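All remarks here apply to the structure that follows.
Values in this text are rule-based calculations from the coordinates and carry no lab data. Keep in mind that what you see is a predicted model, and the values were worked out from it rather than measured. Using ideal geometry, Cβ is built from the backbone for each residue, glycine included, and neighbour counts are taken over all protein chains shown.
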Amino acid sequence: MKSFSRVVLCVLAAIGLPGVVGALPTDILGNSPLLKMSDADKKLQYQAVMDVLDSSDVHAVREWENKKTGFKGRVDAQGDMTSADGLHCRRLQLRTEINGSQSLFAFPFCKDEQGQWFIASGKKFSDQPSQR
């Protein structure tokens, strides 16, 4: 449960929490559908992120859809890499859309010594895959 909370917090803080969004200039997110995602949408996106991060396929893809809200998305792994401090990392692209409006973000994620994934903003990477 700790890993669930940590990754959810990181992903949501980076792409959808009102406090973070509110602190950004309004023209950065424009009409981003991220501003209107429900908790259920965020949970579906989170599960897709975790599926891709935990997949043995370095180019895994997971799609998600909430028929109740109309939101859908896709998470694409864009390969593994190693952080400068030796952590196993994977770059993800997250696409979210509703009613033809779309948001697209890419994040590097790394797995810490306890096996928890986190958004690795600010880390330096080698494109060499890590030794899992």
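Quick look at the values:
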{"quantity": "Simple label model, 7 Å out from Cα along Cβ direction - residue 58 to residue 112, nm", "calculated": "2.5 nm"}
{"quantity": "Set of lysines with alpha-carbon distance to residue 67 below 29 Å, sequence-local pairs under 8 removed", "calculated": "2, 36, 42, 43"}
{"quantity": "Amide N of segment 75-107 lying under 14 Å from the label point, which is placed 7 angstrom from the Cα of residue 124 along Cα→Cβ", "calculated": "82-87"}
